[in-house]
């Protein structure tokens, strides 16, 4: 992989010796910015471009270049790669388009490209990409001119889109962040984001990794790498709302779309997700400071109005603005003679004009163990206070290093002044109280995710009856149907769970003696009706044999009277569970990330409220408990409005067992447990309904 970022020589296919084209731009760009390696071109005519030789054939090259870049029509690429293989070139960057990025793209070309690569042991970036950049060695593969290339950057940037990647390269540099290395992955025919994440994770010149992605090729591999990476990873993933989607056959599918799965994976692996370009840049800036390890923030402001704005911003992100301790107030009285403004949090410093005092006050605030971070609004006039502001900024940087706490400094001044500050100062600055508070929120959230990831604990060793699951799957496949309700509950039992006591009837005739305790519930068993309540196939709280017989007869009559009645495979008679909090546990097989577990508020409104958490399976007990704590409905489990706390540990056990089952049985495409009724603490859960869909 190192050859792609530090090649000693490069050949560009499609470079013209007589007119400007993309291939010629790549060569000239590298020549002009000072790339020290050897440059060659291969084109239809021999010649040279600014001293760079252009050859007509690969075989004529005087050496074997480390990397070949293709900017030729797509149909020519396999043949040219064959020539490269014979020359011994093993690292290929296909910048040409015309492959599978178009709906009518020729996929056979990609198959040919992969066949040639396999034959010669080649590594491929692209197609439809702009390759790599190494700012330190002044090596540029994109077909765009660059000047004033910065060196010494510690940011590794991965972008699926060459256009977005180029925009972000310029954007981060414009805000004082030096990029170190960059790669555009394009169609990801062979090498993908996981390969480059692995490279940047071990690259000793990369401190922070940032990505722009539209989708994952190997989501599980990316997740495993991200979870083991100590470097901050920041990602903007677009393509969040598919234009069309199939109708979900289960709650799990409806609740765990591709983007929800990605979100869950990011939280679990400790990856920072951002929404737009400014969030992207600000996240990169804030993780360069010590992380905010708690929720308590001190606000210092040169403007009373901005202090109010800061209080609103901190409230939006749930920060606790605890009052300053008396000792701090007394210390302030020794620093300056206050006359008007109250000593409170936020602290209005509008009556101070001595910049040395700002540094002293900030240091006193950082000394206080009560606070985990500081938001400082620095409002100033560029005409009179620019030099003093830069001196103050340098002092802030030293204090952050000394006290290992983040200080989000919002520099509020003329636009031109702020641009100068952002481009010239290594210490991160922000432009509004909201932006600064949001950056602190990113810092705190990232710290929490890292702590949860590193403290996830071991996976529990659950005995699983996978043989029973396989038997049910084969029966369903043989008979061309989905699993019936009783079979789904048996699958749950194979995970070590105990469903509510039940009896399966093949017809509507009630048994003379029911081996169950009343009250009972009646549920339609049908291969056609996965949502039984929607088909009128559920009746509850039946208290005696006579009521049971009448309910069975009425249910059959009502179902047969429907325009398109579902098949009646039987009726499940089930003991009614005691009341509790109705929750949902499910899982499915995601094409990119593999097995996924979902948990949340359950019942008939599960898809309406969508109060769920998604993680990749299997999960540890700590991870399962963390899922539940993220739910809006978690206070119900804690015991809201005087009710007894629910048996959260029992629900955690259900989540872990189902996640282990999904990981062990890849033939389970989807599984729903709804509702899982959670009883008061120490009384366990009742599992009363389930659905399973096999692949």
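The values are calculated or read from the model by the stated rules, or taken from the named source; none is laboratory data. Just so you know, these numbers come straight off a predicted model, no measurement behind them. As a convention, Cβ positions derive from the backbone with ideal geometry for all residues, glycine included, and neighbour counts pool all protein chains shown.
So the values come out like this:
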{"item": "Criterion (on the phi > 0 side of the Ramachandran plot and in the same structural domain as residue 527 (by TED's automatic domain parsing)) met by exactly one of 594, 570, 603", "result": "570"}
{"item": "Residue within region 53-63 that is over 22 Å from residue 31 (Cβ atoms) and in a loop (DSSP other than H, G, I, E, B) present", "result": "yes"}
{"item": "Any hit, region 491-511, residues being touching a strand residue (DSSP E or B) at 6+ places or on another chain (Cβ under 8 Å), outside any helix (DSSP H, G or I) and without any contact (Cβ under 8 Å) to a residue 40 or more places away in the chain", "result": "yes"}
{"item": "Strands (runs of 3 or more DSSP E) completely within region 130-247 that count 1 or more residues being within 21 Å of the chain's Cα centre (by Cα) and buried (at least 17 other Cβ atoms within 10 Å of the Cβ)", "result": "155-159, 179-184, 208-213, 233-237"}
{"item": "Conditions (1) crowded, with 18+ Cβ neighbours inside 10 Å; (2) within 10 Å of residue 71 (Cβ to Cβ); number of the one not met by residue 21", "result": "(1)"}
{"item": "Selected residue [touching a residue at least 40 places away in the same chain (Cβ under 8 Å) and more than 18 Å from residue 592 (Cα to Cα)] from 631, 616, 661", "result": "661"}
{"item": "Of all residues making up region 658-675, the number that are crowded, with 23+ Cβ neighbours inside 10 Å and in a helix (DSSP H, G or I)", "result": "5"}
{"item": "Condition broken by residue 527, with the remaining ones in (1) surrounded by fewer than 19 Cβ atoms within 10 Å (Cβ to Cβ); (2) touching a strand residue (DSSP E or B) at 6+ places or on another chain (Cβ under 8 Å) satisfied", "result": "(2)"}
{"item": "Residues that are touching a residue at least 40 places away in the same chain (Cβ under 8 Å), surrounded by fewer than 20 Cβ atoms within 10 Å (Cβ to Cβ) and touching a helix residue (DSSP H, G or I) at 6+ places or on another chain (Cβ under 6 Å), drawn from region 341-362", "result": "350, 359"}
{"item": "Within region 58-77, tally of residues that are touching a helix residue (DSSP H, G or I) at 6+ places or on another chain (Cβ under 8 Å) and modelled with pLDDT of 95 or more", "result": "12"}
{"item": "Any chance residue 392 is assigned to a helix (DSSP H, G or I) and either surrounded by fewer than 16 Cβ atoms within 10 Å (Cβ to Cβ) or without any contact (Cβ under 8 Å) to a residue 12 or more places away in the chain (or both)", "result": "no"}
{"item": "Subset of region 292-309 [in contact with a helix residue (DSSP H, G or I) (Cβ under 6 Å, 6 or more places away or on another chain) and assigned to a loop (DSSP other than H, G, I, E, B)]", "result": "292, 293"}
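Residues checked against (1) at pLDDT 95 or above; (2) farther than 13 Å from residue 284 by Cβ:
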{"position": "152", "(1), (2)": "no, yes"}
{"position": "155", "(1), (2)": "yes, no"}
{"position": "159", "(1), (2)": "yes, yes"}
{"position": "166", "(1), (2)": "no, yes"}
{"position": "174", "(1), (2)": "no, no"}
{"position": "183", "(1), (2)": "yes, yes"}
{"position": "186", "(1), (2)": "no, yes"}
{"position": "191", "(1), (2)": "yes, yes"}
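Quick grid of which residues meet (1) at pLDDT below 90; (2) outside the structural domain of residue 298 (by TED's automatic domain parsing); (3) under 30 Å from residue 174 (Cα atoms); (4) not in a helix (DSSP H, G or I):
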| position | (1), (2), (3), (4) |
| --- | --- |
| 324 | no, no, no, yes |
| 331 | no, no, no, no |
| 338 | yes, no, no, yes |
| 345 | no, no, no, yes |
| 365 | no, no, no, no |
| 387 | no, no, yes, no |
| 408 | no, no, yes, yes |
| 423 | yes, no, yes, no |
